[in-house]
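Remarks on the structure that follows.
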Amino acid sequence: MPARTDSFDLGRLRLTSGEGRRLVLEVGLDPLQFGGETYAITPEAVAATLDISRTTHNGFALRLRFDASLRGPCMRCLEPARPAVCVDSREVDQPGDVEELRSPYVEDEVLDLRGWARDALALALPVQLLCRADCAGLCPTCGIDLNAAGPDHAHEREPDPRWAKLGELKFD
Ligand SMILES: [Zn+2]
Ligand SMILES: [Zn+2]
């Protein structure tokens, strides 16, 4: 594993227009807030693949890829979960007058790798973080973990209170 890289000097590569480079860099990942819970990231540092291409007019086209897994409570059953996330993110930084072509992660040809990795991971999260895709969750009536209770877990249906009221009516 190479030394940890929080920021990377793109200019140092001295790429000419159209030239590219693929690097594997170790990037540190901070714990993530999601759905009111804190999720630790494992591993805390990942080997990320960074593709760098020099565009014409002194810009950069960048692609960042890595896999990580989160550790925290399942959003359905609250048991420990370790959902895996694949990150594949692209950025363009093209100096000039067009603000949309500037990357928020590139400043003076130095890439904020840690900041980009953090945001890209947050964007790659699934809608729900689950212990497994088909987690059965908790019983809405008694709160028991339905993964453990099994598919036969059920409750007597409460009689509809309107029927009880009907029963009290007297028909003469
Ligand atoms: Zn679950
Ligand atoms: Zn129940």
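Report the full-extension gain for the segment residue 19 to residue 71: residue separation times 0.36 nm, less the Cα-Cα distance, to one decimal in nm.
That works out to 14.8 nm of additional length.
How big, on average over all directions, is the shadow cast by the Cα convex hull of region 81-155, in nm²?
7.5
Kirkwood Rh, Cα Rg: Rg to Rh for region 7-137?
1.07
Got a number for carbon plus sulfur as a percent of the chain's accessible area, 1.4 Å probe?
Ligands and nucleic acids excluded, carbon and sulfur reach 51 percent.
Add -39500 (n - 2.57) for each DSSP H run of 4 or more in the chain, then divide by its residues: what number comes out at 222 nm, to the nearest 500 deg cm²/dmol?
Rounded to the nearest 500, it is -3500 deg cm²/dmol.
Are there any trypsin sites (Lys or Arg not before Pro) in region 108-148 that are in a DSSP loop and have at most 15 other Cβ atoms within 10 Å? List them by number.
Answer in residue order: 132.
Tell me, what is the per residue accessible area of the chain in Å², probe radius 1.4 Å?
Averaged over the residues of the chain, the accessible area is 65 Å².
How far, in degrees from 0 to 90, does helix 113-124 lean away from the longest principal axis of the Cα atoms of the chain, to the nearest 10?
Between the helix axis and the principal axis of the chain, the angle is about 30 degrees.
Within region 72-172, report the GluC sites (Glu not before Pro) that DSSP leaves as loop and that have at most 12 other Cβ atoms within 10 Å.
Of the GluC sites (Glu not before Pro), the ones in loops of region 72-172 whose Cβ has at most 12 other Cβ atoms within 10 Å are 156.
The values are calculated or read from the model by the stated rules, or taken from the named source; none is laboratory data. Given the structure is predicted, the values throughout are model-derived calculations rather than measurements. Glycine also receives a Cβ, built like all others from the backbone with ideal geometry; neighbour counts cover every protein chain displayed. Surface accessibility is based on the protein's heavy atoms, side chains included, excluding ligands, DNA and RNA. Shrake-Rupley method; radii C 1.70, N 1.55, O 1.52, S 1.80 Å.
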